[in-house]
Amino acid sequence: MSKLWGNYYRWVILFVGFLCLTSICSNYIIINFTFICMKNDMTNAVADSNGTLHSIYDYSSGEKKWILWAVALGTMIGTLPINVLYVKFGARFPFLLAGLASVVSTALIPWAAGFNYWLLILLRFVQGLAYSADFAAIGLITVRWAPLTETATFIAIMTSFTGISSTATNSVTGVICESSFGWKWSYYLHAAVGTFLFFLWYVIYIDHPQDTKRVSCKELSKIEKSKSAAHLDKSTDVPYRKLLTSPVIWCVWLNAFFEMSAVIVCSTYMPIYFHEVLGFGVTETGFWVALVLFIWLPVRWVSAIMSDKIKFVGERTKMLIFNTIAVGGTGAFFAIIGFIPAENKYWSVAAFTMTMCCVGVNSGGFYKCGVLHARQYAHVVIAAIQWTKCVALFSAPAMVALFVTTESVRTQWIGVYLVFGGLMQITNLLSYCIFTDKPAEWTNTDEKPVSKA
């Protein structure tokens, strides 16, 4: 068997890791779509003072806010402990535990939603704790298994989990919601698939390529090419103080934060915007949201390959070009969405699509800058990007709550898109002054040119 995959085992690791990342993300975003279906479920409906029956699953805007924020809180609290576990134990067992926590909490959500609102919040918090493991896993898999010449490709594929999970989950959940099974079965199906995928993770993943006979000598040589002894050292300590005071790393995080804010608004509120503002039906909403979140994926993969393979342009210049598209371009398209009249709903779909396509280029921008500058500590940088995403999980709903009181009124959404769009333009301009492709001095890395091979 090792002869069959020994020269390509890094791609097996990448594929299984990607599927597990997708599973954890899918589990926490199911509710974004089922909000639409749950309010029509009159099982155990309650009567108000006028005798009118209301679904117990018809949550107010305030209740929805806390349901969304519970995940953000769990992710913020979990990011640092899970990163410490990854540094100490590797990714195999911490990520497995995160996956199992995600699976169990997801399977219990339909019961909790009907039993007690605060129990639902608790399970959402557990989903957030599990989700905090995703980006640190991306960083560690990239550091351990990706050759330097395939950095952007690894990052692009693994960070595609958000788009893939949204596409798959919205499509499947839209069909299940309108079937005889009902919305609850979307949670049960996702939990079952997640259980299988994390079994594969346990069987397939190895923390260090040099520790397994599944990896051929040729494969190992390719993975380790141009990496320093400090990069390959298993016992190296993370220089947290130097990392946390690096202007380059802070610029990476700032670009990530505002772009992540746009992604959170899209993934969380696009189904609501399409249904309430643009007037698409439930099935149509599922289709268009899935299409928008799928189209950008080929852009992501192609741009990553271009970032890794183009050699006639300097690495820093490539970073700035890719970051301008990923952050500046995203901000430009994002800012105009709210100004498009509801009757031109397909133009709105196009604007959302272009926004996500621009996001797809980020693996060659701030992500690559973080990896090449932090080298063997890149998993810490990428885990912190996860933390910025947690903050975005708070800031995006807060911004929506600030501007939007009635979800069906298009003009109330203008402020949300305009503020985030403008901030992305500012942070992109900062990158021109700060971004570098050079390793930081605290990596203790004698700089080696990244081979073109």
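The values are calculated or read from the model by the stated rules, or taken from the named source; none is laboratory data. Bear in mind that the values here come from a model prediction, so they are computed numbers and not experimental data. Please note: Cβ atoms are built from the backbone with ideal geometry, for glycine as well, and neighbour counts cover all protein chains shown. All accessible areas refer to the heavy atoms of the entire protein, side chains included, with ligands and DNA or RNA removed. Shrake-Rupley method; radii C 1.70, N 1.55, O 1.52, S 1.80 Å.
Of the residues making up the stretch 265-289, those that are farther than 17 Å from VAL391 by Cα, in a helix (DSSP H, G or I) and open to solvent by 10 Å² or more (accessible area, probe 1.4 Å) are ILE272, HIS275, GLU276, VAL277, VAL282, THR283, GLU284, PHE287, TRP288. Listed by position, the helices (runs of 4 or more DSSP H) inside the stretch 105-216 whose residues that are within 30 Å of MET38 (Cα to Cα) number at least 2 are 117-131, 133-145, 161-177, 184-204. Does the stretch 387-410 include one or more residues that are within 16 Å of the chain's Cα centre (by Cα) and farther than 29 Å from PHE274 by Cβ? Yes - at least one qualifying residue is present in the stretch 387-410. Return the residues of the stretch 220-245 that are at pLDDT below 70 and open to solvent by less than 30 Å² (accessible area, probe 1.4 Å); say none if nothing qualifies. Answer for the stretch 220-245, where residues must be at pLDDT below 70 and open to solvent by less than 30 Å² (accessible area, probe 1.4 Å): SER226, LYS227, SER228, ALA230, HIS231. State all residues of the stretch 236-264 that are more than 16 Å from TYR367 (Cα to Cα), touching a residue at least 40 places away in the same chain (Cβ under 8 Å) and assigned to a loop (DSSP other than H, G, I, E, B); if no residue qualifies, say none. Matches in the stretch 236-264: THR236, VAL238, PRO239. Can you confirm whether the stretch 153-163 contains a residue that is within 26 Å of VAL361 (Cα to Cα) and touching a Gly at 6+ places or on another chain (Cβ under 7 Å)? Yes, because at least one residue in the stretch 153-163 is within 26 Å of VAL361 (Cα to Cα) and touching a Gly at 6+ places or on another chain (Cβ under 7 Å). For the stretch 400-407, the criterion of being part of a helix (DSSP H, G or I), out of contact with any Leu (no Cβ under 8 Å at 6 or more places or on another chain) and crowded, with 18+ Cβ neighbours inside 10 Å is met by at least one residue.
Residue pairs whose Cβ atoms lie under 7 Å apart, separated by 6 or more positions or on different chains, with the first residue in the stretch 69-89 and within 18 Å of LEU120 (Cα to Cα) and the second charged (D, E, K, R), are ALA70/ARG124; VAL71/ARG124. Considering only the stretch 64-87, I want to know if a residue exists there that is of a type outside the set (A, V, I, L, M), closer than 25 Å to PHE33 by Cα and not in a helix (DSSP H, G or I). No. Test LEU418 against the criterion of being surrounded by fewer than 22 Cβ atoms within 10 Å (Cβ to Cβ), within 21 Å of the chain's Cα centre (by Cα) and at pLDDT 80 or above, and give yes or no. No, not satisfied. Among helices (runs of 4 or more DSSP H) entirely within the stretch 297-378, having at least 3 residues that are open to solvent by less than 10 Å² (accessible area, probe 1.4 Å), assigned by the TED database to the domain that holds TYR273 and more than 30 Å from LEU243 (Cα to Cα) singles out 345-359.
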